[in-house]
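Here the structure is laid out as structure tokens; the discussion comes afterwards.
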Amino acid sequence: MPIATPMRGAGRVASSFLIMQFSLALALGGARLKARLAHTKRSLADGLQAAFWACAGTAAAIRLCGLPWRFGANAALDRARAVTWAGNHRRILGVPARLRYASVARRRLALHSALYHTEPGLMAMIADCAATLARTRDERVPGGTPCIFAPLHVCADAVAAMTVAMVAPRRTHVYSIYPDGYFGASQMIRLQACGLELIQHHPDEAPAQQRAMIRELRAGTANLVIFPDILPQFTTGLLGRQMRTRPVSLFGRPARLHCGAEELARLAGATVIPFYIHWADGRLAIRVFDPCADTDGVARCIEQALREHGDQWLLWHFPSLFYFNDGADR
């Protein structure tokens with residue numbers, strides 16, 4: 001009996017070890033299977049979208065965006081967002097929106113899909129908008145002065161960034177809170193084949209990368225994009241911390257705007273050019289504002305944009321809008 005006891009103890013240890021190894025193998029196998037299924041789902045969706053854009057144009061797809069919103073797990077969330085979206089639009093602008101949240105959200109998805117699959121009709125529209133943006137820059141900004149392009153979240157944000165990427169010198173840095181790879185590797189390969197180059201930057205990246213970005217901007221060898229109307233509520237929720245904002249007045253109320261465009265312009269000796277892309281008369285159009293010296297000027301452009309095409313702004317569904325986080329002054 002004294003000899004059998006340690007043998008039974010060793011057997012229990014060996015059994016526990018085998019169970020642990022088996023559980024680990026199951027977990028790893030499940031993770032691999034989940035990743036493989038997710039990859040297969042993405043590949044299938046990408047293939048279906050490619051087939052769609054091979055036989056349909058952007059204008060026709062946009063007309064389909066008026067159909068009822070999708071069913072499924074996100075349907076209830078979409079309905080809740082639609083209520084907030086419509087309520088904020090009416091409360092701030094004083095008029096009901098001409099478009100439904102569902103139509104606006106579907107239009108953005110359709111335009112992004114067409115962009116990532118380089119649908120010829122859409123690419124031609126973007127090129128026209130880029131030509132207008134470049135011409136306005138050359139007319140309103142003294143030669144040799146770096147420019148920071150500040151698109152608003154109207155219609156389709158990725159399309160706005162790609163519009164800047166078609167403006168000389170074409171190489172374009174995008175400063176956003178999304179991690180690298182937000183645009184997707186396969187999509188970026190297609191866009192690079194069209195001569196579009198986007199380099200994404202994040203607030204948490206190494207300072208050396210941001211200094212290199214500023215050097216390229218000063219030298220005139222690259223563009224810089226930053227979205228000035230991103231909401232403090234959104235950035236705080238995604239990053240888990242407050243970012244620097246500045247007090248401004250928006251629609252007659254004290255509000256907060258991110259001051260990243262103003263600070264980057266100061267560092268680079270640049271001027272800020274706000275603009276937005278919108279859908280009008282069956283095609284993309286662009287509205288370019290005069291250059292701004294500071295965040296107060298950007299706030300005036302945001303007000304004007306929302307009065308002109310507020311029903312295509314993508315952020316009405318955030319409850320707080322620009323009136324969130326009133327103490328973020330650091």
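Among the residues of the stretch 261-318, those identified as of a type outside the set (A, V, I, L, M) and part of a loop (DSSP other than H, G, I, E, B) are G269, D281, G282, F289, D290, P291, D294, W316, H317, F318.
With respect to the conditions (1) among the basic types (K, R); (2) within 20 Å of G282 (Cα to Cα); (3) assigned to a helix (DSSP H, G or I), R98 falls short on a single one, namely (3).
Please enumerate the residues belonging to the stretch 143-178 that are assigned to a loop (DSSP other than H, G, I, E, B), within 13 Å of the chain's Cα centre (by Cα) and at pLDDT below 95. Spell out the reasoning first.
First pass over the stretch 143-178, keeping only residues assigned to a loop (DSSP other than H, G, I, E, B): 143-146, 152-153, 155-156, 166-171, 176-178.
After this cut, where a residue has to be within 13 Å of the chain's Cα centre (by Cα) as well, the list is 152-153, 155-156, 176-178.
Correct list: S176, I177, Y178.
For first residues located in the stretch 179-197 and part of a loop (DSSP other than H, G, I, E, B) and surrounded by 11 or more Cβ atoms within 10 Å (Cβ to Cβ), partners that are among the basic types (K, R) and modelled with pLDDT of 85 or more and lie 6+ apart or on another chain with Cβ distances below 7 Å form the pairs E197/R170; E197/R171. The single condition among (1) modelled with pLDDT of 95 or more; (2) closer than 17 Å to M213 by Cβ; (3) not aliphatic (A, V, I, L, M) that G260 does not meet is (1). Among residues of the stretch 254-275 that are in contact (Cβ under 8 Å) with a residue 12 or more places away in the chain and closer than 16 Å to C301 by Cα, those with a beta-carbon under 9 Å from a residue that is crowded, with 21+ Cβ neighbours inside 10 Å and of a type in the set (D, E) at least six positions away or on a different chain give the pairs L257/D229; H258/D229; V272/E262; P274/D229.
Beta carbons closer than 9 Å, at least 6 apart along the sequence or on distinct chains, pair a first residue in the stretch 89-107 that is closer than 13 Å to R307 by Cβ with a second that is aromatic (F, W, Y) and buried (at least 18 other Cβ atoms within 10 Å of the Cβ) for H89/W313; H89/W316; I92/W316; A97/W85; A97/W316.
Taking the residues in the stretch 204-217 that are out of contact with any Pro (no Cβ under 6 Å at 6 or more places or on another chain) and closer than 15 Å to A270 by Cβ as candidates, determine which candidate is surrounded by the most Cβ atoms within 10 Å (Cβ to Cβ).
Keep residues of the stretch 204-217 that are out of contact with any Pro (no Cβ under 6 Å at 6 or more places or on another chain), which gives 204-216.
From what's left, closer than 15 Å to A270 by Cβ: 210-211, 213-216.
Working: Q210: 17, R211: 11, M213: 21, I214: 18, R215: 12, E216: 19.
This residue is M213.
What's the total number of residues in the stretch 270-280 that are farther than 17 Å from D157 by Cα and either of a type in the set (V, I, T) or modelled with pLDDT under 95 (or both)?
First pass over the stretch 270-280, keeping only residues farther than 17 Å from D157 by Cα: 270-272.
From what is left, the residues that are either of a type in the set (V, I, T) or modelled with pLDDT under 95 (or both) are 271-272.
So the answer is 2.
Of a type in the set (A, V, I, L, M, F, W, C) and touching a residue at least 60 places away in the same chain (Cβ under 8 Å): is that true of V167 in this structure? Answer is no for this residue.
Condition first: over 21 Å from the mean Cα position of the chain (by Cα), at pLDDT below 95 and not in a loop (DSSP other than H, G, I, E, B). Can you find one or more residues in the stretch 230-246 that meet it? Yes, the conditions are met somewhere in the stretch 230-246. May I ask you to list the residues in the stretch 301-324 that are touching a strand residue (DSSP E or B) at 6+ places or on another chain (Cβ under 8 Å) and either more than 29 Å from L77 (Cβ to Cβ) or of a type in the set (D, E, K, R) (or both)? Matches in the stretch 301-324: C301, E303, E308.
Does A131 satisfy the condition of being in a helix (DSSP H, G or I) and under 14 Å from C155 (Cα atoms)? No; evaluated as a whole, the condition is false for this residue.
In the set (1) at pLDDT 90 or above; (2) within 22 Å of the chain's Cα centre (by Cα); (3) surrounded by fewer than 14 Cβ atoms within 10 Å (Cβ to Cβ), G94 fails one condition alone, (2). Residues in the stretch 135-155 that are more than 30 Å from R79 (Cα to Cα) and surrounded by 17 or more Cβ atoms within 10 Å (Cβ to Cβ): T136, R137, P146, C147, I148, F149, A150.
The values are calculated or read from the model by the stated rules, or taken from the named source; none is laboratory data. Everything quoted here is computed from the prediction, not taken from an experiment. Counting neighbours? That spans all protein chains shown, and the Cβs are built from the backbone with ideal geometry, glycine included.
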